[in-house]
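Asker: Structure incoming, see below.
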Amino acid sequence: MKPRSLVSLFLIMSLVLLGCRKTEPDSKESVEEETTIQVEPTDKALVVFFSRAGDQFHVGRIVEGNTAIVAKMISKKTGADLYEIKPKVDKYNLDYKQLAELAKKEQDGRGRPEYLKPAPDFSQYDVVFIGSPVWWGDWPMIMYSFFEDNELQGKKLIPFSTHAGSELARFDYRLANIYPYCSILKGLAVLGEDAQNDRDKVGADVDAWLKELGFEIKPSETSEDASIESSNEDSSQSPSEQKSETIESSGE
Ligand SMILES: Cc1cc2nc3c(=O)[nH]c(=O)nc-3n(C[C@H](O)[C@H](O)[C@H](O)COP(=O)(O)O)c2cc1C
């Protein structure tokens, strides 16, 4: 194994172990009673996500982030709009080891990195998927910047993560504490390397999860009927080519 791979392996093991550590407020112990809530056919959905391309654990230099791939799959299968949380200053364009250090500093200092605004008008949505990579066992701090700015009370929130071993990293419990008047529906955790390299498997997992939540998957977008576009094709797609609307942050 190359020295760089060893460093990455060591880092990721520390990250996964730290995944159990409690960082942001997290007092609500269970969202169990809400796991049976389903979406209604008339519900309008939005997918909010943060993701990062570049040097990534286990998958090398990627053109499209793992979470972005899953977010776009969800959007295509459900017709949900997409909103990407983008940092106001692109300080995450680092190699993996440097990024891990920066993210740790942000977490320890409870940083609230700024993101490009405006955020969408949430009043038109009933259901909001919220996804990001797991960073140091938690939502990346930029997600807390978003949570603190945006009122989502009363909506059905559906967390999803991509990760390297920490699974959902209690994203659902954390959301339940931040938004106590929301229903938190069953989340999905996707291994980052699968999102990047095994899209048939991830497509089937996403289909099964969405069906369980009560979504009717668009006929042409089930994993049996449509092969998920292969690596990074979506990034070249213009918004008008996508079936759903992508809401772009325009900056302040
Ligand atoms: C700064 C940083 C911290 C990470 N911490 C964890 C972690 O605690 N647990 C885990 O399973 N994976 C961790 N990972 C791996 C990412 O969650 C995983 O590679 C993810 O799929 C990246 O998604 P993205 O390409 O959308 O950014 C970390 C990655 C980075 C860059």
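Asker: I'm told T162 meets every condition in (1) buried (at least 21 other Cβ atoms within 10 Å of the Cβ); (2) at pLDDT below 95 except one. Can you identify the failing condition by its number?
Answerer: Answer for T162: the failing condition is (2).
Asker: State which residue is modelled with the highest pLDDT when the search covers only the stretch 30-59 and only residues that are of a type in the set (F, W, Y) and outside any strand (DSSP E or B).
Answerer: The selected residue is F50.
Asker: Looking at (1) touching a strand residue (DSSP E or B) at 6+ places or on another chain (Cβ under 7 Å); (2) more than 13 Å from the ligand (Cβ to nearest atom); (3) at pLDDT below 90, can you tell me which one I62 breaks?
Answerer: With (1) touching a strand residue (DSSP E or B) at 6+ places or on another chain (Cβ under 7 Å); (2) more than 13 Å from the ligand (Cβ to nearest atom); (3) at pLDDT below 90 applied to I62, the lone miss is (2).
Asker: Scan the stretch 90-116 for residues that are among the charged types (D, E, K, R) and modelled with pLDDT of 95 or more and jot them down.
Answerer: Those that are among the charged types (D, E, K, R) and modelled with pLDDT of 95 or more: E101, K104, K105, E106, D108, R110, R112, E114.
Asker: Could you look through the stretch 186-200, keep only residues that are away from the ligand (no atom under 11 Å from the Cβ) and touching a helix residue (DSSP H, G or I) at 6+ places or on another chain (Cβ under 6 Å), and pick out the one that is farthest from E64 (Cα to Cα)?
Answerer: G187
Asker: Sticking with this one: If I ask for residues that are basic (K, R) and more than 11 Å from the chain's Cα centre (by Cα), which ones from the stretch 40-93 would you list?
Answerer: Within the stretch 40-93, K44, R61, K76, K77, K86, K88, K91 qualify.
Asker: Quick one: would you say P87 is crowded, with 20+ Cβ neighbours inside 10 Å, under 23 Å from F57 (Cβ atoms) and within 16 Å of the ligand (Cβ to nearest atom)?
Answerer: no
Asker: For the stretch 165-175, which residues satisfy the criterion of being more than 6 Å from the ligand (Cβ to nearest atom), surrounded by 23 or more Cβ atoms within 10 Å (Cβ to Cβ) and either closer than 14 Å to F50 by Cβ or not charged (D, E, K, R) (or both)?
Answerer: A169, F171, L175
Asker: If you don't mind, there's one more thing I want to ask. For the condition surrounded by 15 or more Cβ atoms within 10 Å (Cβ to Cβ), away from the ligand (no atom under 16 Å from the Cβ), under 18 Å from the mean Cα position of the chain (by Cα) and in contact (Cβ under 8 Å) with a residue 40 or more places away in the chain, what is the one hit in V134, V127?
Answerer: Being surrounded by 15 or more Cβ atoms within 10 Å (Cβ to Cβ), away from the ligand (no atom under 16 Å from the Cβ), under 18 Å from the mean Cα position of the chain (by Cα) and in contact (Cβ under 8 Å) with a residue 40 or more places away in the chain holds for just one of V134, V127, which is V127.
Asker: Any idea which residue in the stretch 51-84 is nearest to G192 (Cα to Cα), counting only those that are crowded, with 21+ Cβ neighbours inside 10 Å and basic (K, R)?
Answerer: R52
Asker: Here are some residues: E101, E106. Which one is touching a Lys or Arg at 6+ places or on another chain (Cβ under 9 Å) and either assigned to a helix (DSSP H, G or I) or among the β-branched types (V, I, T) (or both)?
Answerer: It is E106.
Asker: If you don't mind, there's one more thing I want to ask. Do we find a residue being without any contact (Cβ under 8 Å) to a residue 60 or more places away in the chain and of a type in the set (D, E, K, R) anywhere in the stretch 78-92?
Answerer: Yes, the stretch 78-92 contains a residue that is without any contact (Cβ under 8 Å) to a residue 60 or more places away in the chain and of a type in the set (D, E, K, R).
The values are calculated or read from the model by the stated rules, or taken from the named source; none is laboratory data. Only a predicted model underlies this, so the values are computations on that prediction, with no experimental measurement involved. Cβ coordinates were reconstructed from backbone atoms using ideal geometry, including for glycine residues, and neighbour counts include every protein chain displayed.
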